[in-house]
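Accompanying notes for the structure given below.
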Amino acid sequence: MDSPARPQIEAWLRYFDDLGLSPFYLDRAATELPPVEPAPASQPVASRTALLAAASPSTAPPPPRAPDAMLPVVPSLFDAAPRIEGDSLARIREDIGDCKRCRLCEARNTIVFGDGSASAQLVFVGEGPGHDEDVQGLPFVGRAGKLLTQMIEAMGLRREDVYICNIVKCRPPGNRQPERDEVATCSPFLDRQLAVIHPKVIVCLGNVAAQTLLGTNKSISQFRGQWFDFRGAKLLATYHPAFLLRTPSAKSEVWTDLKKVMAELGLKPPKPKPRAG
Ligand code: SF4
């Protein structure tokens, strides 16, 4: 290829190679989202494709982005990312290294990779690390994290039974939402984590996680508690624990969602401990 664009294209390919996604362009056309599984009437499952189609009809160009929209409505390049042979959480962490691929590296103390079981059936995906997470290098360890731990235990699980991670691995300054380009730069690592863990259920905590994984600009309130098919896993979005700290009245909705997850995983709530005395 002899084109002025060649250096730029080569730079991009080196970048994708750096992310461990070098074979993506070979399988792009052949890779399809997994078929939608038939759903029981009580638990309707929508496909990611259906949600995308609703947001952006395939016969028309993508709609203009709403002024406050921060995430793309079109599927990302990484929708087609094939599973990398021999990939592991350790290799992904190694590939991240002392990452400076986006501006979030500038103010972070620690890269918060993720925590929990590498063979978890249930993965929680949040937005990004906050102050406590940035200091400790672990996801969901602040006030919102303690609430998430309580939620996990109410489901009859321990934190170490599940895997917890975020869309971006470095704390956005001032706890702002991550920008679209930061999400696009960092989320391929999450894609790889999910491919390696291969959970049965993914729970997105909050708008950013849900919009990123489902590739939509719709507000979480429009699809909270619904099942979606996500690359062979079932995905459900619910409110972020930080939102519940501000809006305790929403806890009952989240518990309703988590009970659906428990049913999917065949979990029963733990028996209440007998009171002392
Ligand atoms: S947020 Fe992700 S892409 Fe950006 S610097 Fe941190 S690890 Fe790298």
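Available extension along the chain between Lys200 and Lys100 is 32.8 nm, counting 0.36 nm per residue and deducting the alpha carbon span. Size of segment 181-223 from its Cα atoms: along the principal axes, largest to smallest, the extents are 29, 27, 13 Å.
Grab the beta carbon distance between His131 and Glu160, set R0 = 41 Å, and tell me the FRET efficiency rounded to 0.05. E between His131 and Glu160, to the nearest 0.05, is 0.95. Inter-part distance, segment 161-190 to segment 201-219, computed on C-alpha centroids, equals 12 Å. For Arg176 and Lys251, FRET efficiency with R0 = 30 Å and r from the beta-carbon atoms, rounded to 0.05? Result of the calculation: an efficiency of 0.75.
Would segment 188-277 count as rounded, prolate or oblate if I go by the C-alpha gyration tensor, calling it rounded below 1.5 in a/c and otherwise prolate when a/b exceeds b/c, oblate otherwise? Note, shape of segment 188-277 comes out oblate.
Amide H to amide H distances under 5 Å link Phe230 with Leu235, where only residues 5 or more positions off or on other chains count and H is placed in the peptide plane. Accessible surface for segment 111-217, divided over its residues, is 33 Å² per residue with a 1.4 Å probe. Derived scalar couplings between HN and Hα for segment 224-231 equal 4, x, 9, 8, 10, 8, 9, 6 Hz in order, rounded to whole Hz, by the Karplus curve 6.51 cos²θ - 1.76 cosθ + 1.60 (θ = phi - 60°), x for Gly and Pro.
The values are calculated or read from the model by the stated rules, or taken from the named source; none is laboratory data. In this text, all values refer to a predicted model and were calculated from it rather than measured experimentally. Note: ideal-geometry Cβ built from the backbone for every residue, glycine included; neighbour counts use all protein chains shown. Note: accessible area is taken over every heavy atom of the protein model, side chains too, but ligands, DNA and RNA are not part of it. Shrake-Rupley method; radii C 1.70, N 1.55, O 1.52, S 1.80 Å.
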